[in-house]
Structure formats: structure tokens, C-alpha cells
Amino acid sequence: MTYQYWNEQLETISRKELEAWQLAKLKETVGRSLRTPFYQKRLTESGIKSPDDIKSLEDLKRIPFTTKNDLRDGFPYGFLSIPRDEVVRLHASSGTTGTPTTIYFSRDDLKQWASFMARCIYGTGCTRADVFQNMISYGLFTGGLGFHAGAEEVGMLVIPSGSGNTARQFRLMQDFGTTAVHATPSFLLHVESKMKEEGVKRESLLLKRAFAGAEPYSEDTRKRIEGLLNIEVFNSYGLSEMNGPGVAFECQCKNGLHIWEDGYIAEIIDPETLENVTGDGRGELVITILCREATPILRYRTRDLTGFIPDNCPCGRTHRRLYRITGRSDDMLIINGVNVFPSQIEEVIMAINEVGNNYVIEIEKEGVLDRLTVKTEIKPENFMDDTRPLNALKEKIRRQIQASITINPRVELNEAGSLPVSEGKAVRVKDLRPKDL
Ligand code: AMP
Ligand code: ZN
């Protein structure tokens with residue numbers, strides 16, 4: 001396979017040169033941070049008074065972590081390091097947990113972001129000949145404008161369709177010959193079921209690739225989408241605090257997400273002890289952004305759980321790869337004392353052929369115990385009046401979930417299309433237990 005690089009020199013830079021680059025950028029970033037009210041206080045308290053106090057990459061560990069709460073406390077301008085009139089845009093997080101946080105960009109920051117995004121998109125094999133339909137919400141959410149700018153930078157024809165309205169999405173795909181799309185994995189599954197419903201023939205579309213991110217999904221879900229739509233799906237990772245998409249992305253090898261280490265210093269920590277995890281151990285991803293002047297953020301606790309893949313990628317890029325994100329250090333459910341990640345349940349049910357595209361996990365109290373209910377949709381061809389096969393299927397799902405998470409769930413089968421669909425991030429866990437018991 002031949003691989004294409006957007007910026008070959010930077011993407012295949014030697015580790016030694018990369019580390020020298022990171023150190024220089026880190027010093028610059030610390031210098032800028034000292035101009036923000038928040039870090040002026042935080043860094044001075046830790047004995048860092050000037051960029052010269054950072055002598056090696058090891059010195060990064062002297063810098064305290066920054067949390068989402070810090071960003072909220074610093075609202076609105078506590079993290080701004082340039083004059084207000086040099087700011088040209090702001091974005092805010094979708095507020096996965098609690099109230100949104102705000103990030104500011106200078107003109108140069110937007111350029112850098114677009115070039116990281118172009119690197120991601122081009123690295124999947126796309127070129128200026130592609131037609132790109134951005135089926136994600138525009139606005140304060142970074143997925144819309146972030147991908148938009150990167151795709152334009154590559155020179156693709158960009159259709160800023162936004163999310164929702166599948167009938168219109170199909171029309172646009174057919175009218176303009178869309179070859180690549182960006183969406184959440186749940187929306188891609190929804191698109192596929194709507195295709196059937198609206199009688200859109202796969203042959204009428206030129207789709208080749210999809211970029212899917214913004215929420216965790218399993219390898220089985222990726223394979224399912226690829227099979228259903230006959231496309232290649234690339235995992236896209238980012239968060240608004242770190243610009244948005246363009247932080248880590250899969251290359252044509254699709255075996256982990258290259259995190260762009262010339263723009264971001266990545267660490268993995270144990271979320272309990274906050275110690276750095278070495279080697280290929282899993283833990284929480286912590287990121288320092290090196291490619292933004294307006295809002296520097298140092299050692300940000302993403303809460304996303306992943307780890308570094310140890311070996312080199314066949315594509316020749318030297319930037320390390322992250323494992324698919326399996327969940328957050330703060331979305332773990334404790335059900336009757338057992339720790340459960342929603343992604344574990346997803347992995348089980350999505351590997352079962354009869355199960356449809358949507359599901360909901362509910363936890364409630366039944367007496368003193370927690371009760372887990374997994375509601376899944378069943379593919380139309382597997383839904384029937386005869387209850388015997390359905391009961392057998394229900395039992396199969398129940399057994400497999402129990403084997404994976406040790407908890408015995410109640411399983412509910414639903415007709416395809418009957419569970420609520422969200423166009424943005426899917427809300428799939430409903431924790432109905434009273435909070436103050
Ligand atoms: P936001 O700041 O609203 O863009 O949300 C960012 C969060 O979405 C991240 O911290 C992750 O928890 C989640 N996320 C984004 N992309 C992915 C992905 N590819 N896989 C898993 N989770 C993701
Ligand atoms: Zn690669």
C-alpha cells in the first residue's frame with residue numbers, strides 16, 4: 001500500500017527531533033500561559049516563573065493538571081493569553097458533563113487547526129477530487145467548522161449539510177456525488193436504516209469513506225457500519241478544549257489513532273493515583289496543547305480512557321497511536337458494586353447479528369438492589385409475532401452480557417426505529433437511581 005502524507009516531514013519526523021520540537025513549543029506555551037490570569041497564579045505557585053524553568057520534557061511533570069472545573073472557574077477570560085481584539089473566534093464544548101467551557105482562537109490558531117485537520121483527512125486517502133458532506137452540527141460544537149476548514153484546506157468540494165434530515169442528506173449525496181462523510185457513529189447507523197426505509201439504493205451513491213467520532217464506539221460497531229454501507233470508517237478523536245477534532249485520527253491502516261505529537265503532548269495517567277502510566281498501560285489521557293496561542297491549556301485531564309499502542313505503524317508516521325477510546329474515567333457505572341463501562345455492553349450486543357442499530361442502558365433501584373435493563377432494537381427481518389425465537393434471542397443476549405460484565409441484566413427487545421434517536425451524541429445510559437441514597 002502507498003501512503004500519502006499531508007506534511008511528510010512533520011508526520012515522519014524522528015522521535016529525537018520531535019522531542020526537541022516539543023520542548024521548544026512547550027517553553028513557548030508556558031511563556032504564553034504565564035500571561036493568563038489562571039496560569040499566572042497556578043504556575044507561580046508551583047515554582048514556574050518563566051519559560052526558562054522548563055529545561056526538559058521531564059519538567060512537564062512539575063506542572064499541575066488542569067481540569068474542566070478549572071476551565072469553568074476561569075470563565076470567561078481566565079485562560080486568554082492574547083489581547084481580546086486579536087481573538088477571531090470562540091467555540092464551546094457540547095457539555096457532555098455539566099456546563100460548557102469556552103475556547104478562543106486567533107487567526108493563526110485557526111490556520112494551525114485547519115492544517116492538522118487536513119493532515120487527518122488526507123491521511124485516510126482522500127484528495128481534492130473528493131466530495132465531502134459534513135453531516136455534523138455546525139455552531140459552537142467544534143465538529144462542524146473544524147472538519148469544514150480541514151476539508152477545504154485539502155481542496156475537497158465541501159457540502160456543509162449539518163446533521164439531521166436524512167432525506168435531504170441522501171438528495172445531496174446523489175446530486176453532488178458525495179464520496180466522504182463525517183458523522184457520529186450513531187448517525188451513520190441511523191442513515192443506513194433510513195436508506196432502506198426511503199428506498200435509497202446503495203448503487204446510487206458514490207460513498208467511499210466516513211469519519212466517525214465524537215462518542216465512543218466499538219470495533220464491532222465500526223465493522224458493522226463498514227459492512228452495511230460498504231465504506232471505510234476512520235475513527236476521529238478530539239475534544240473542544242484541545243481545539244476539537246484533529247487531535248488524533250486513524251490512518252489508512254485503521255489500527256489506532258495517531259495523536260499529532262507536534263501539536264499535542266500526550267500522557268497517560270492512572271486516574272486514581274494521578275501517576276504517569278508507562279509503556280502500553282491503559283489510563284486517562286492528559287494533553288498539553290502546543291498549537292494554540294489564544295488559549296493555552298497545560299496537562300488537561302481529558303477523562304478519556306485509552307493507552308499508547310506499543311509498536312510502530314506500517315504507514316511510517318512516527319507519531320504514537322492511541323487505542324480506541326473505551327470510555328471515560330467518569331462514566332463508569334457501579335451496579336451492585338460492580339464496575340461497568342457502557343462500552344462493554346455495547347461490544348456484546350453489537351456483535352450479535354440480530355440486534356439492530358440502537359440501544360439504551362437503564363439502571364434503576366429495585367428494593368435495595370440496582371437493576372440493569374438493556375433495551376435493544378431488533379433488525380426488522382428478525383422481528384416476528386412468534387415469541388419463541390424472540391425469547392431465545394433475549395436469553396442469548398442476557399447470557400452474553402452476563403458473561404462479559406458478571407451482572408444479570410433484564411433484556412428488552414424493541415422493534416427497529418422505536419427507541420429514541422439523537423442526531424448529536426447519543427444519550428444511551430439512563431441512570432434512574434436516586435442520587436442521595
Ligand atoms: P466535545 O468537547 O463536546 O467535543 O466532546 C469531547 C469528548 O467526546 C471527548 O473527551 C470524548 O469523551 C468524546 N469523543 C470524541 N471523539 C471520540 C472518539 N473518536 N471516540 C470516543 N470518544 C470520543
Ligand atoms: Zn499509521
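The values are calculated or read from the model by the stated rules, or taken from the named source; none is laboratory data. It should be emphasised that the depicted structure is a prediction, and the values quoted were computed from it without experimental measurement. Glycine gets a Cβ as well: all are built from the backbone with ideal geometry, and neighbour counts include every protein chain shown. Remember, those area values only see protein heavy atoms, side chains included, never the ligands or the DNA or RNA. Shrake-Rupley method; radii C 1.70, N 1.55, O 1.52, S 1.80 Å.
Summary table below
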| quantity | calculated |
| --- | --- |
| Selection within the range 203-257 - of a type in the set (D, E, K, R) and within 10 Å of ligand 1 (Cβ to nearest atom) | E215, E241, E250 |
| Within the range 71-90, tally of residues that are outside any loop (DSSP other than H, G, I, E, B), open to solvent by less than 70 Å² (accessible area, probe 1.4 Å) and at pLDDT below 95 | 2 |
| Scan of the range 256-298 for residues that are open to solvent by 20 Å² or more (accessible area, probe 1.4 Å) and charged (D, E, K, R), ordered by number | D270, E272, E275, D280, R282, E293 |
| Matching residues, the range 286-337, being acidic (D, E) and in a strand (DSSP E or B) | D304 |
| Any hit, the range 300-319, residues being more than 16 Å from ligand 2 (Cβ to nearest atom), of a type in the set (D, E) and farther than 30 Å from D85 by Cα | yes |
| Check on V286, among the β-branched types (V, I, T), within 14 Å of ligand 1 (Cβ to nearest atom) and more than 27 Å from I13 (Cβ to Cβ) | no |
| Options V200, V181, V191: the member that is more than 10 Å from ligand 1 (Cβ to nearest atom) and within 18 Å of the chain's Cα centre (by Cα) | V181 |
| Residue ID - farthest from S218 (Cα to Cα), chosen from residues in the range 240-253 that are surrounded by 23 or more Cβ atoms within 10 Å (Cβ to Cβ) and hydrophobic (A, V, I, L, M, F, W, C) | M242 |
| Residue within the range 330-338 that is farther than 30 Å from P37 by Cβ, within 16 Å of ligand 1 (Cβ to nearest atom), in contact with an Asp or Glu (Cβ under 9 Å, 6 or more places away or on another chain) and open to solvent by 50 Å² or more (accessible area, probe 1.4 Å) present | no |
| Candidate set from the range 258-273 (those that are of a type in the set (D, E) and touching a His at 6+ places or on another chain (Cβ under 8 Å)); member that is farthest from ligand 1 (Cβ to nearest atom) | D262 |
| Every residue from the range 44-58 that is assigned to a loop (DSSP other than H, G, I, E, B) and within 20 Å of R292 (Cβ to Cβ) | I48, I54 |
| Elements of type strands (runs of 3 or more DSSP E) in the range 353-437, at least 1 residues being crowded, with 18+ Cβ neighbours inside 10 Å and free of Cβ contacts under 8 Å to residues at least 60 places away in the same chain | 355-366, 369-378, 410-415 |
| Checklist (1) under 30 Å from E198 (Cβ atoms); (2) open to solvent by 10 Å² or more (accessible area, probe 1.4 Å); (3) within 16 Å of ligand 2 (Cβ to nearest atom) applied to I121, failing item | (2) |
| Test set (1) open to solvent by less than 20 Å² (accessible area, probe 1.4 Å); (2) within 16 Å of ligand 1 (Cβ to nearest atom) - Y323 fails condition number | (1) |
| Strands (runs of 3 or more DSSP E) fully within the range 141-259 counting 3 or more residues that are more than 16 Å from ligand 2 (Cβ to nearest atom) and either in contact (Cβ under 8 Å) with a residue 60 or more places away in the chain or touching a strand residue (DSSP E or B) at 6+ places or on another chain (Cβ under 7 Å) (or both) | 157-159, 180-183, 209-213 |
| Complete set of residues in the range 214-235 that are open to solvent by less than 10 Å² (accessible area, probe 1.4 Å) and either among the small types (G, A, S) or out of contact with any helix residue (DSSP H, G or I) (no Cβ under 6 Å at 6 or more places or on another chain) (or both) | S218, R222, F234 |
| Exclusive hit being under 24 Å from the mean Cα position of the chain (by Cα), away from ligand 2 (no atom under 16 Å from the Cβ), surrounded by fewer than 19 Cβ atoms within 10 Å (Cβ to Cβ) and part of a helix (DSSP H, G or I), set K41, K25, K61, K111 | K111 |
